[in-house]
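Written out below as C-alpha cells is the structure these notes cover.
What follows draws every value from the coordinates through simple rules; no lab data is involved. Source: prediction; values computed, not measured. Note that each Cβ is placed from the backbone with ideal geometry, even for glycine, and that neighbours are counted across all protein chains shown.
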Amino acid sequence: KNRKKWYASSLALMAMGTLALVSAGCSGGGDSYDTPTVVEASAAATSRLLSVEDLKAIVDAGKVNGGGYDNVVILHVNSSATAYNAGHIPGAQFLASGLIYQTRVEGPSSMTSMVANGPQMDILLQSLGIDENTTIVLTGASTMYPARAYFTLRYWGFAKNCIYMLDGLDTAWTEANYDLETESPTVAPSTFSVKDNGGLNDDLRAS
C-alpha cells in the first residue's frame, strides 16, 4: 500500500502545470544573499515543475554549478549512467539512484529501499556541491528515479522552493532541440550537512 501511495504521489507531481523560474536560487537568486528573489508564474505557484525554456535560460546564464547565492545544480537521476553518458543537459551531474537508498538487515530478510541515512546524505550532497543556497533541478530518462530523489530530499528537510523537476525530463530538452553534452562537470565540494536544514519532514515517509 505504501509503494502504491508513493507511486501515485510521484505521478501527481509530474501532472502539475509548468512553473516559470526566471532567476534561480533556494536562498538566493536576487542581487545578494540579503535580497533573494525567485520569480514564479502566479498561475502555477504550487507546482514544482520547471520548463525546459526556463532551464535553458539558467544554463545560458552560467548559473549551473556556479556556486554562490544563486547556485543551481542539475541532477540526472537514474539507476544506470548509460543515458547520461550518451548525452545530458549541459552541467548536469549524474546521481546513481542507489546512493539515495540504504540496505537494512533486520530479522530474516533485508530491506533494500530504505531512505539513505544522514551521513550518507551528507557525503552525497557535499560531492554534488549542494549547500543551503542551492536550487536543485531533477531530471533523467524516466519519472521514477527523479521523483524518488525529490521525496528523499524533501524528507531530509529541503524546502519545496529548493527543488524543481524538469517538466518532461530529458525528453523535453531534446525535443526542444537544445544541445546535449557528454562531458561530466567538475564541481567544488561543499561542507553542507542535512543537519543545516533544521529537521526532517518525516511525515513524507512511512515508518
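Miscellaneous remarks
- Peptide packing: for 193-199, 132-138, 181-187, the average count of neighbouring Cβ atoms within 10 Å per residue gives the ranking 132-138, 193-199, 181-187, highest mean first.
- Rg(Cα) / (2.2 N^0.38 Å) computed for the range 48-207, rounded to two decimals: 1.03
- Computed from label points 7 Å out along Cα-Cβ, the spacing between THR103 and GLU53 is 4.7 nm.
- Positive minus negative residues near ALA81 (Lys, Arg vs Asp, Glu; Cβ under 15 Å): -3
- Segment ALA172-ALA83, extension gain: residue separation times 0.36 nm, minus the distance between their alpha carbons: 30.6 nm
- For the pair THR143 and SER113, label points projected 7 Å from Cα toward Cβ lie 1.5 nm apart.
- With the cut-off at under 13 Å, measuring from each backbone N in the range 47-81 to a point 7 Å along the Cα-to-Cβ line of GLU181 picks out 59-66, 74.
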